[in-house]
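Here's the structure, in structure tokens; my notes come after.
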Amino acid sequence: MKQQKPILRFINGGAVYIGKDISTKTHRHHAIQLTISFKQTFEITTPNETFKNCRFVIIPENVPHQFYCPSEDYQVFIYLDPFNKLSQLLKNKFTLKSNVIIADNLLYKVPPLIEWLVMKGCEMQALVIKFIELITNCTIADSNKDIRITKSIKYLTNNLDKAIKISEVASFVCLSESRFAHLFKLQVGIPFRRYILWLRIQKTLLSFVTGNSFTTACYDGGFTDLPHFNRTFREMFGNTPSSILKG
């Protein structure tokens, strides 16, 4: 494998990170996380248990965990927004709640996709879809999503450059603030404010990987300053953005 630097690519409703020699502090984030190791096993620690010698794990959203793999071999991290259709396939297949899924037995479906993920970044979206469909034995189909929540997420995505009040979004989709807050958490899986932070991090990282400095990128994502972004990122990913994207 010739790739030397970490890879961060964005897909619809998520991101893929490929790197090596990764260890984190305990953290939690609002994405469903799939972690696949090329050769070296890794360790995942949650508040209740430590899973050793793992090769493939699925971690539900908002589950505190610590990752340890000081290895020169690459690992693939797939992050999926909890409202993503692919996330729904995973939830239906594995009954994701607060349980870490050790999926080493599915590795036989992984090898060709791993090579493609590294060597053919332009096809990342299609490859991730193919991979999720393979491990769930399902295909993407329309889900029972509330159109008002779909519209609200689009509204949020288009207005991250300013402060957003829950009252204005509720009004935009013709719901009371309390009803909207309840429906949003029910459909998305996390509270409104926490989801905005998740979107801001995605936009900031996207701005950075397209060539902007971290300072400029954090403003693009709607953070007040770089320290604010660093604190939020470290809380969600257990490391500073510079250490994750080193190289």
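Results, tabulated for the structure shown:
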| item | result |
| --- | --- |
| Hits among aspartates and glutamates - C-alpha to C-alpha of Lys109 under 16 Å, sequence gap 8 or more where chains match | Glu133 |
| Computed helical MRE - 222 nm, the chain, DSSP H runs ≥ 4 contributing -39500 (n - 2.57), nearest 500 | -12500 deg cm²/dmol |
| Using alpha-carbon coordinates, inclination of helix 85-94 to the longest axis of the chain, degrees | 60 |
| 0 to 90° range, to nearest 10: angle between helix 177-188 axis and the chain longest Cα axis | 20 |
| Degrees, to the nearest 10: 226-237 long Cα axis against longest axis of the chain | 60 |
| Reachable aspartates and glutamates, given that their alpha-carbon falls under 13 Å from the alpha-carbon of Lys20 and they are not under 8 places away in the same chain | Glu72, Asp73 |
| Relative packing of 27-35, 204-212, 157-165, which averages over residues the other C-beta atoms within 10 Å, highest first | 27-35, 204-212, 157-165 |
| For the range 213-220, 3J(HN,Hα) per residue [Karplus equation, 6.51 cos²θ - 1.76 cosθ + 1.60, θ = phi - 60°, Hz, x = Gly/Pro] | 6, 4, 5, 5, 5, 5, 5, 4 |
| Where only C-alpha atoms are counted, convex hull volume of the range 154-247 per residue in Å³ | 98 |
| Where labels lie 7 Å past Cα in the beta-carbon direction, separation of Asn230 and Asn99 in nm | 4.0 |
| Sequence-distant lysines (8 or more away, or on other chains) whose Cα lies within less than 30 Å of Lys162 | Lys85, Lys145, Lys151, Lys154, Lys185, Lys203, Lys246 |
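None of the figures in this text is laboratory data; all of them are computed from the coordinates on show. Bear in mind that the values here come from a model prediction, so they are computed numbers and not experimental data. In this analysis, Cβ positions are derived from the backbone assuming ideal geometry, glycine residues included, and neighbour counts consider all displayed protein chains.
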